[in-house]
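Step one of this worksheet: look at the structure below.
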Amino acid sequence: MRLQENFQISSGGRQERRVLLIQLLADGVTGWGECVAAEEPNYSEETVDTAWQVLEDHVLPSILGRETAGAEDVLAPVSWIRGNRMALAGLEMAAWDLEARLRDLPLHELLGGTRRPIPVGVSVGLQDTDEELVRKVGEYAEAGYRKIKLKIKPGRDVEMVRAVRRAFPDLPLMADANSAYTLADAPRLQELDELDLMMVEQPLGYDDFLDHARLQERMATPICLDESIRSVGDARLAVALGSCGVINIKPGRVGGFASSRRIHDYCRQEGVPVWCGGMLESGVGRGHNVALATLPGFTLPGDISASRRYWERDIVAPEWTVDDGTILPPEGPGIGVVPDEARIETLTRRVEVFF
Ligand code: OSB
Ligand code: MG
């Protein structure tokens, strides 16, 4: 699927998405999953190709045809697999959608969600000029998004964010560095404290809990961890060390909904706010994110924008729309939207069927 614009983050840009969809069939009903792994290993170690290989060679042979108590336990036979959480999550979330459809329940209800409508924000990629960024942010603010996230990197940070803050003094703003800095940049990052940001996301290394804690001691703005948090164990480590004040939960990154709920429940108990991040998903993965964001601890707007923000045409009907900065979780079964199988077929480059 071709993105409407090249989406630039500190580690590079993306124009095309190779979306790995998983259909899980039982009793004539289909559950849909989306693996969020990217084309290149620049966000996590996984790619769409490693995920395909792990699913084909290791996950599916262990799981297909086995009895399972429900989606919550579908990954039990592959608990021996280390990492590869995006591959596992794609399958696990398909199982949740399947279970919800088999029980004729909306996925958000099966997950225990309570919030509706859900407030949403938008993530804005790096732009060539501050003027272009200010113009884009203005459009999203006008559209009503409840939080606007600016991608930053060294050389495109304090002055750029200041230009946006000057143009929009009251806008809920945050910045995301995707691990572009080191602790040596602390003086620079501290300058962000003057710009009234809701949080700064993943400023340092994807695996560096200690330096995030050192940086948080020196910054008033809460640090939000994204790449660093892959499990509830990571969340416990981050909270114990003081590495962050906020956590971004992406179900695709943490191994699925069961893991997302463990992180959510732990953060709720510890008073750490969470929100649902995004990975440039198609309408299928967007549906999983909408369902997750209905859980009570998701008190901050997620990176869950309308289908049209990324896609000229999405692969689900109806497409995801944002009304006054909110999305109303659908009441239909499963993710509540219908994948457009004819359109998906025209976009498909590779199919494999397992029994
Ligand atoms: O860091 O949150 C991120 C997109 C791809 C990879 C990483 C990130 C992002 C985004 C976009 O910020 C979120 C979205 O709108 O899907
Ligand atoms: Mg991020």
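Read-outs throughout are calculated quantities, based only on the coordinates presented, and are distinct from any laboratory measurement. Predicted, not measured: the structure shown is a model, and the values here were computed from it. Note that each Cβ is placed from the backbone with ideal geometry, even for glycine, and that neighbours are counted across all protein chains shown.
So the values come out like this:
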read-out	value
Square roots of 5 times each gyration tensor eigenvalue, C-alpha, segment 61-184, largest first, Å	41, 21, 10
Sequence-distant aspartates and glutamates (8 or more away, or on other chains) whose Cα lies within less than 15 Å of residue 136	5, 128
Rg ratio (alpha-carbon, reference 2.2 N^0.38 Å) - segment 274-348	1.08
The chain: radius of gyration over Cα atoms, expressed as a fraction of 2.2 N^0.38 Å	0.95
With Cα atoms, 0 to 90° folded angle of helix 158-167 axis to the chain main axis	90
Cα gyration tensor shape for segment 106-257, rounded if a/c is under 1.5, else prolate or oblate	oblate
Sorted by Cβ density within 10 Å, fewest first, the residues 49, 157, 170, 208	170, 49, 208, 157
P(r), alpha carbons of segment 203-355 - 5 Å bins starting at zero, rounded %	2, 9, 17, 18, 17, 13, 10, 8, 4, 1, 0
Lysines whose Cα lies under 21 Å from that of residue 250, excluding same-chain neighbours fewer than 8 positions away	147, 149, 151
Solvent-free Debye scattering, log10 I(q)/I(0), computed from the Cα coordinates of segment 46-109 at q = 0.19 Å⁻¹	-0.72
Degrees, to the nearest 10: 85-102 long Cα axis against longest axis of the chain	60
Trypsin sites (Lys or Arg not before Pro) restricted to DSSP loop in segment 46-111 with at most 16 other C-beta within 10 Å	66, 82, 103
Overall Cα dimensions of segment 167-218, principal axis frame, Å, largest first	33, 18, 15
GluC sites (Glu not before Pro) lying in DSSP loop within segment 228-326, provided at most 13 other Cβ fall within 10 Å	312
For segment 1-107, convex hull volume per residue from C-alpha positions, Å³	117
Loop chymotrypsin sites (Phe, Trp or Tyr not before Pro), segment 1-98, which have at most 11 other Cβ atoms in a 10 Å radius of their Cβ (DSSP)	80
Most mobile of 318, 301, 119 in a GNM of the chain (Cα contacts under 10 Å)	318
Order of 10, 231 - criterion: other Cβ atoms within 10 Å of each residue's Cβ, fewest first	231, 10
Computed magnitude of the charge dipole of the chain (debye, nearest 20; Cβ of K, R +1, Cβ of D, E -1)	280
For the chain, share of DSSP beta bridges that run antiparallel, in % to the nearest 5	45
Per-residue Cβ neighbour rank within 10 angstrom, fewest leading, 200, 59	59, 200
